[in-house]
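Since the structure comes first, as structure tokens, the remarks are kept for the end.
The values are calculated or read from the model by the stated rules, or taken from the named source; none is laboratory data. Since the structure is predicted, the reported quantities are computational estimates derived from the model, not experimental observations. Here Cβ is always computed from backbone atoms with ideal geometry, including for glycine, and neighbour counts include all displayed protein chains.
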Amino acid sequence: MTPTDPEVLAHRWHMDLFVKGDLRAAEDFVSPDCVAHLFGREFAGVEGARQLATMLRTAFPDVRITHHEAIVAGDRVAIRWTGEGTHRGDYLGVPPSGKPIRIDGIDVMHLRDGMIAEVWISYDNLGTMQAMGAIPAG
């Protein structure tokens, strides 16, 4: 695999930005006009990717992400993942609970010129809020 291989880029998105917290690395694989979509919000460009990673790492500083499978079709890649960590910082307005959290999700990435140009992030945020105790379960 090459550094611009779609699956490599998808792994770097999670492992470099979110797990390692290497915000500088975003310049290497995130397009300047990239848009990341999350729950109706858009994070634009390299700076938007950094903001998204900072938001997650603030809430879950010990985050671990496991990739279960990647499906590559031309300039698109879908990756199914699990994130685990301890809720130690603000998460979308929810103060730290200290609770362990597990999030299962799927990201769909569109690539252009060997860079990530768009990301659609999908996971069960209701379940995440329930696990934190912010919303009653059931």
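Numbers for the structure displayed
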| read-out | value |
| --- | --- |
| Per-region count, the range 1-27, residues surrounded by 14 or more Cβ atoms within 10 Å (Cβ to Cβ), of a type in the set (D, E, K, R) and in contact with a helix residue (DSSP H, G or I) (Cβ under 9 Å, 6 or more places away or on another chain) | 3 |
| Criterion (of a type outside the set (D, E, K, R) and closer than 13 Å to GLU7 by Cα) met by exactly one of VAL63, VAL94, VAL108 | VAL108 |
| Enumerated strands (runs of 3 or more DSSP E) restricted to the range 28-138, each holding at least 1 residues that are modelled with pLDDT of 95 or more, of a type in the set (Val, Ile, Thr) and surrounded by 14 or more Cβ atoms within 10 Å (Cβ to Cβ) | 30-38, 64-73, 76-86, 100-112, 115-123 |
| Neighbours by Cβ (under 8 Å, 6+ apart or cross-chain): first from the range 10-24, assigned to a helix (DSSP H, G or I) and modelled with pLDDT of 95 or more; second among the polar types (S, T, N, Q) and surrounded by fewer than 20 Cβ atoms within 10 Å (Cβ to Cβ) | LEU23/THR54 |
| Filter pass, THR54 being within 14 Å of the chain's Cα centre (by Cα) and free of Cβ contacts under 8 Å to residues at least 40 places away in the same chain | yes |
